Amino acid sequence: AVTPSEPEQVVRKYLEELRGAPADEDCMICMEKLASPSGYSDACEGKTIKPEAVGQLTKCQHAFHLLCVLAMYANGNQDGSLQCPSCKTIYGEKTGTQPKGKMEVSTFTQSLPGHQDCGTIQIVYSISRGIQGPEHPNPGMPYTARGFPRYCYLPDNEKGRKVLDLLRVAWKRRLIFTVGTSSTTGESNTVVWNEIHHKTEMDTNLSGHGYPDPNYLDNVLAELAAQGVTEACLRQ
Ligand code: NAD
Ligand code: ZN
Ligand code: ZN
């Protein structure tokens, strides 16, 4: 694992401090004028960052109080990455809070509805109940894990195998599941899917998470990209 950097170093790595603040713009984090001090001056203290300091993210150029970005970072899982609150551009490698478990892959020859010309990839996710860590909503409290192992299906063609490779990256970065409240059951402190859709039915579609679905592979590629998992990750 990468050693997490000091929060202020992370802020300085991805934002360039501006000499003069844009006069009329607001900070999207604290909603104060960029020309006024950060609205988080009382809640968050910087060793090297002053309440008046304003910076611009290096790729998307969106500007915020540096102290506001520091407060946002301190409030997250502090993995060394930042995500622009305005346009969602990711800086560094975003990781999630998925509890420990297993991802297993196998293939078989039976086809999925809508993918008659190839076999099927099966992914089995296994996660057990445990105690929440500092990265979870209620550290020290137990979390449950319902419906595991969860079985998921992809067509065993070129695009399906690409999605599989990206899902392996997402698994390693702890992005597939999170601990939270299930929107299906309302149960809190439980392991839930995290914004990367999976097909959990193979030859039925009772839940709506089955086949056929001609847009599924493109949709999941877009969801992976929104978490910073793209083909570029496979070339590293
Ligand atoms: P959730 O209800 O909080 O929903 C999070 C996301 O997962 C949403 O985007 C939702 O659309 C999607 N989702 C909901 N049900 C799904 C399903 N059956 N298959 C694939 N995606 C689904 O997430 P959750 O609480 O993790 O899952 C929803 C329910 O599905 C839970 O009750 C879980 O036990 C059950 N489930 C059971 C199995 C099983 O093999 N028994 C497999 C998957 C899900
Ligand atoms: Zn601000
Ligand atoms: Zn941005």
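Looking only at the range 216-231, decide whether some residue is more than 27 Å from Ala74 (Cα to Cα), among the charged types (D, E, K, R) and away from ligand 2 (no atom under 16 Å from the Cβ). Checking the range 216-231: at least one residue is more than 27 Å from Ala74 (Cα to Cα), among the charged types (D, E, K, R) and away from ligand 2 (no atom under 16 Å from the Cβ). The number of residues in the range 61-99 being touching a residue at least 60 places away in the same chain (Cβ under 8 Å), buried (at least 21 other Cβ atoms within 10 Å of the Cβ) and within 16 Å of ligand 2 (Cβ to nearest atom) comes to 3.
A count restricted to the range 67-112 and to residues that are in contact with a Lys or Arg (Cβ under 8 Å, 6 or more places away or on another chain), within 16 Å of ligand 1 (Cβ to nearest atom) and assigned to a loop (DSSP other than H, G, I, E, B) stands at 3. Within the range 1-48, the set of residues being under 27 Å from Gly96 (Cβ atoms) and not in a loop (DSSP other than H, G, I, E, B) comprises Pro7, Glu8, Gln9, Val10, Val11, Arg12, Lys13, Tyr14, Leu15.
Bear in mind these aren't lab numbers, they're just calculated from the coordinates by the rules spelled out. Predicted model, so just to flag it, every value in this text is computed and none were measured. No Cβ is skipped: glycine too gets one built from the backbone with ideal geometry, and neighbour counts run over all protein chains shown.
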